Amino acid sequence: MYKFSIGLLVSLLLCPLFSSATVLANEESVSLDYVEAMGMGWNLGNTFDGFDENGDRGEESWGNPVVTKELIQSIKAKGFDSIRLPFTAHMRISDAANDFTIDEEFLNRYEEVVDWALEEDLYVMINLHHDSWIWLSDWDGTTDSDIYNKYHRIWDQLAERFKDKDERVMFESINEPQFNNTEDETGIIYLTQLNKDFYDIVRNSGGNNAERMLVLPTLNTDAAQDKLDALYDQIIELDDPNIMATIHYYSEWVYSTNIGKTGFDEILWDDVTPRSSLVDVFDRVHDTFVANGIGVTIGEYGLLGYDKSSEINQFGETLKFLEFINYYAQEKQLNLMLWDNGQHINRETAEWYVEPFGQMIENSMETRSAYVSDLNTSFIEEGQTTIDLPLTLNGLELIEVKDSNGETVSYRSNGEGISIDLDDFSDALVEIADEVTLEFIFSDGSDWQQHLVRVDKPEIFTLEEEEMTAVLKIPLNYNGQILKSVESRDAENQLVSNNSWWDYLENGYEFVANPNENTIDLLENYTRLLEDGSYTLTFNFYNGESINYQLEVNGNQVSGQVSQ
């Protein structure tokens, strides 16, 4: 075996044989047609890609149940036309002495689920998954290493196993490719080599693999323009119509995982919002690939907060994200595949855990939806007589508004939306935290739920000196309010956080609102940062209220009180 020349590959990348201005024939693009047939897709995450170092439990290693045929049938019934089946070879493959042989029983079971998906006329993406960071990330670029041979042998076996499946089965070379201790330029070189080897393995393996659709990722499946350009140049050089590109999209991190920025149209920095960032990424992906006849799948999308809890991301803003990303992907001729590691569809019942979440996705495959432009919760103060609700109609019409009892609610158009008199709810919004839910019914798409909540100012109470614990509970009365964000600074006004470059603590990781116990819980990931001294916490609420709270830490004792 030989070692390829890093210098030679760098020169080839910097001076490609085909200019990035080269355009594939777009009149009859095979991969664009393929993407159109894929429709919208779903990931069977944390199943065949899950593993357990304490003893592999197969499909159940990461907490999900064994896949059933009924689950796969439900995916098709929900409107999805494609499915990505992440496959992790780690712990299911022999060592070098035994020629890196994949466990036959596990592979047989995986193929069974592939066949179930084909029976439902789903397009199926076979994907080498967590191996990317478990062992392949240690690859040093040499082709005489065990790591390289292991990758090669995996695709030898997968290509052989699935070579007679029809064209609805596609192969993705590697999930989220990454390489330790390398700069992006070197990482792109390594990935270019792996993608080319994957391509050669599959194309020379016989059966239908000679023309099977192959999916090639960017480095880290990232949409930075240099990574898009590098993949584009490689696809052009391969000169094969049965190749498509893939990236992943989880929005801007501070919004996606909720570090104080919760609105889909909220300014993150400069003039960037989650919506404008999405437009920018999808436009660049379209202009780089689709406009040049190369199909693209967004192989994973979602919001990262859902890995912590379904309550971390502001739910109404999540619905706006889902509505728009599905719309704009179709505008840009992109396939979307929802990442679901068990948090969205109940694997036992095959139903959505949160029905409005699922309905928004299902409806957005076919049409647009309208919604209230502001937060999906309206805070009603004492003496308030009307409420104005601006609407984003997306070409639809408001048909009716109903209250919690299904009765029609009267409203007046006010130019940008509607105004509702609150007299009709005087009996329902009497006590603090009383709530009424209005159902907005539009001419198409999903209905919208708007919550009216009777509120007063939040009250945060003194924390008497007590022993410091991993989770520190700050007592308060929410009075119907909802906590949006938390800021933390020390006595020198320096940020105290695991993300010290950002103004806010991370929801669900450093703190969490706990209205059931009337506390704000400061979690261990935050409290372990506290040393002796004073800390000012600022609690920001969605109605615009902000309260400063001073913590005093002295040894293993802590106290707190509202400060000016």
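Structure above, values below:
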read-out	value
So Leu396, is it under 14 Å from the mean Cα position of the chain (by Cα), closer than 16 Å to Glu439 by Cβ and open to solvent by less than 40 Å² (accessible area, probe 1.4 Å)	no
Conditions (1) of a type in the set (Gly, Ala, Ser); (2) touching a strand residue (DSSP E or B) at 6+ places or on another chain (Cβ under 8 Å); (3) under 23 Å from Asn363 (Cβ atoms); number of the one not met by Gly395	(2)
Which listed residue is in a loop (DSSP other than H, G, I, E, B) and over 27 Å from Gly305 (Cβ atoms), from Asp229, Asp166, Asp200	Asp166
Odd one out for Ala97, checked against (1) more than 26 Å from Val296 (Cβ to Cβ); (2) open to solvent by 50 Å² or more (accessible area, probe 1.4 Å); (3) in contact with a Lys or Arg (Cβ under 8 Å, 6 or more places away or on another chain)	(3)
Residue list for segment 521-549, restricted to those being small (Gly, Ala, Ser) and over 21 Å from Thr469 (Cα atoms)	Gly544, Ser546
Filtered residues of segment 129-155 (kept if of a type in the set (D, E, K, R) and either free of Cβ contacts under 8 Å to residues at least 24 places away in the same chain or surrounded by fewer than 17 Cβ atoms within 10 Å (Cβ to Cβ) (or both))	Asp138, Asp140, Asp144, Asp146
Which numbered condition Glu105 fails, given (1) over 19 Å from Ser173 (Cβ atoms); (2) assigned to a loop (DSSP other than H, G, I, E, B); (3) of a type outside the set (Lys, Arg); (4) open to solvent by 30 Å² or more (accessible area, probe 1.4 Å)	(2)
Every residue from segment 191-212 that is of a type in the set (Phe, Trp, Tyr) and open to solvent by 20 Å² or more (accessible area, probe 1.4 Å)	Tyr199
Residues of segment 277-311 that turn out to be in contact with a Ser or Thr (Cβ under 6 Å, 6 or more places away or on another chain) and not hydrophobic (A, V, I, L, M, F, W, C), as a count	5
The listed residue being among the polar types (S, T, N, Q), in a loop (DSSP other than H, G, I, E, B) and more than 29 Å from Gln343 (Cβ to Cβ), out of Ser404, Ser419, Ser410	Ser410
Long-range neighbours under 7 Å by Cβ, at least six apart or interchain, first residue over 14 Å from Asn498 (Cα atoms) and free of Cβ contacts under 8 Å to residues at least 24 places away in the same chain within segment 524-536, second open to solvent by 40 Å² or more (accessible area, probe 1.4 Å) and of a type in the set (S, T, N, Q)	Asp532/Asn554
Some residue of segment 543-552 being among the hydroxyl-bearing types (Ser, Thr, Tyr) and more than 27 Å from Ser309 (Cα to Cα)	no
Residue in segment 81-93 that is open to solvent by less than 30 Å² (accessible area, probe 1.4 Å) and in a helix (DSSP H, G or I) present	no
In segment 34-75, residue nearest to Asn363 (Cα to Cα) [restricted to those that are open to solvent by 60 Å² or more (accessible area, probe 1.4 Å) and free of Cβ contacts under 8 Å to residues at least 24 places away in the same chain]	Val66
Subset tally (residues that are open to solvent by 50 Å² or more (accessible area, probe 1.4 Å) and either of a type outside the set (D, E, K, R) or in contact (Cβ under 8 Å) with a residue 24 or more places away in the chain (or both)) for segment 401-421	11
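The rows are residues; the columns are (1) part of a loop (DSSP other than H, G, I, E, B); (2) among the hydrophobic types (A, V, I, L, M, F, W, C); (3) within 30 Å of Gly293 (Cα to Cα).
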{"site": "Ala350", "(1), (2), (3)": "yes, yes, no"}
{"site": "Asn363", "(1), (2), (3)": "no, no, yes"}
{"site": "Glu366", "(1), (2), (3)": "yes, no, yes"}
{"site": "Leu375", "(1), (2), (3)": "yes, yes, no"}
{"site": "Gln384", "(1), (2), (3)": "yes, no, no"}
{"site": "Asn394", "(1), (2), (3)": "yes, no, yes"}
{"site": "Gly415", "(1), (2), (3)": "yes, no, no"}
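The values are calculated or read from the model by the stated rules, or taken from the named source; none is laboratory data. Quantities reported herein were computed from a predicted structural model and do not represent experimental measurements. Cβ: placed from backbone, ideal geometry, glycine included. Neighbour counts: every protein chain shown. SASA here: full protein model, heavy atoms, side chains in, ligands and nucleic acids out. Shrake-Rupley method; radii C 1.70, N 1.55, O 1.52, S 1.80 Å.
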